[in-house]
């Protein structure tokens, strides 16, 4: 892939590590981690690389092989393994709970399941089908003979769900995890059963998980007699990979493509440009399908008025966050005018309008009018030269309209061909 992207980086497998877009290696002499190259992902998802600022200090050094690093860390890995197995046996042997092992086919899950087997626990391993998993993950789960759990039928698949709900998940609205992971787990097991879950979460994965202890209970389980244990919570990323290589634990093929996560593919809002560049290369059909969905969503919901960005900006880098910029650029306004067949001076009036009556949103901030219909209704009744706009609630109160009155007027204006709507 790197060669196809125009990168001729002089590295080889078995020595170097890629972490957070930095290529590193351990110095064989003093065992320090040397930073050598930096990978850059551009806005157009092209790749480039440069020498790290520390490159000159390390370029002539001899570096450890992975096997040499494993030998050096062997005592540390043995201690981690022992502590994890002891924890698993403490909670999992001679228990009256049914043990449920969850496994996403990711590296942490695979290590945790392997340790549970070494601990002698009696359990079944379940793979949660999110409907966003790539073929490599589904195939691996089948090869490992995991049990499959599915989302509730009322949600359907991910793509059907977002279409029905008219929603695009974002970092501010991470609802898909609830429906396709948490609710799927709750739905799959008897609420009256006493369960012991095995999870692969680790403290150094995120700030949110840094305070987790050995026992973890999901507050969404709603008083069910379920508990979870985290046998590898103290392991680092490096520990996980060294242990996988030492024990020859199966690896999801997706890691070999350059990914650092193998969970939900393509549409996860927590992914970054690095993942998008990999998606574009390895899964072009899925990549293009999602980009087309994003474009359709943007146009359908007039997100020019919400995001203050163009379609391309939304699709390529802004869909997974909040407002892209405070004020729209001339390009944004022109694109909105073109798509809605509006005069540019009229198109400008749709952006950044707040209720002149001082209404506030849920955060007690001035209420921004984001929907095209309310803005169009203001101009329809008060003239296209107005500068002060009222929110839908204020308009309905002023004219004593019901919801039925409002909807009927909107449909009438649209049927008459009014461009404001």
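Where a number appears in this text, it was derived from the coordinates with a stated rule and is not lab data. Every value quoted in this text rests on a predicted model; they were computed, and no experiment measured them. Don't worry about glycine lacking a Cβ; one is built from the backbone with ideal geometry, like all the others, and counts go over all protein chains shown.
Using alpha-carbon positions, what is the distance between the centroids of region 183-214 and region 118-132, in Å? Each part reduced to its Cα centre gives a spacing of 12 Å. Structural descriptor for region 223-298: relative contact order 18 percent, calculated from alpha carbon pairs under 8 angstrom and at least 6 residues apart.
Counting only DSSP beta bridges whose two residues both lie in the chain, roughly 55 percent are antiparallel. Its relative contact order, with pairs defined as Cα atoms under 8 Å and 6+ residues apart, puts region 17-64 at 35 percent.
How tilted is helix 107-118 with respect to the longest principal axis of the chain? Cα atoms for both, answer in degrees (0 to 90, nearest 10). Once rounded, the angle reads 40 degrees.
Our summary of shape: the Cα atoms of region 286-351 have principal axis extents of 39, 23, 16 Å, ordered from largest down, in whole angstrom. Calculated on the alpha-carbon coordinates, the convex hull of region 1-128 measures out at 155 cubic angstrom per residue. In this rough spin-label picture, where each label sits 7 Å from Cα along the Cβ direction, the residue 94-residue 38 distance is 5.6 nm.
Principal axis extents of the Cα atoms in region 73-256, from largest to smallest and rounded to whole angstrom, are 53, 40, 33. Taking the average, over residues, of other Cβ atoms within 10 Å as the packing measure, peptides 166-172, 176-182 rank 176-182, 166-172 from highest down.
Ellipsoid semi-axes for region 324-421, based on the Cα gyration tensor and the rule √(5λ), read 21, 19, 11 Å when sorted largest first. Remark: relative contact order (the chain) = 12 percent; criterion is Cα-Cα distance under 8 angstrom and separation of 6 or more residues.
For region 17-64, the pair-distance distribution built from all alpha carbon pairs, in bins 5 Å wide starting at 0, is 5, 22, 28, 20, 12, 6, 5, 2, 0 percent.
For region 73-256, the share of DSSP beta bridges that are antiparallel, to the nearest 5, is 20%.
The label-point distance for residue 404 and residue 76, in a model that sets each label 7 Å from Cα toward Cβ, rounds to 7.2 nm.
When the Kirkwood radius is taken over all Cα pairs of region 220-339, what Stokes-Einstein diffusion coefficient follows at 20 °C and 1.002 mPa s, in µm²/s? Could you put the intermediate results ahead of the total?
Values: Rh = 17.8 Å.
It diffuses with D of about 121 µm²/s by this estimate.
One Cα centroid belongs to region 62-113, the other to region 315-365; the line between them spans 51 Å.
Each peptide in 201-212, 130-141 was scored by the mean count of other Cβ atoms within 10 Å over its residues; highest first, the order is 130-141, 201-212.
Just the C-alpha atoms of the chain: what Rg/Rh do they give, with Rh taken as the Kirkwood radius?
1.05
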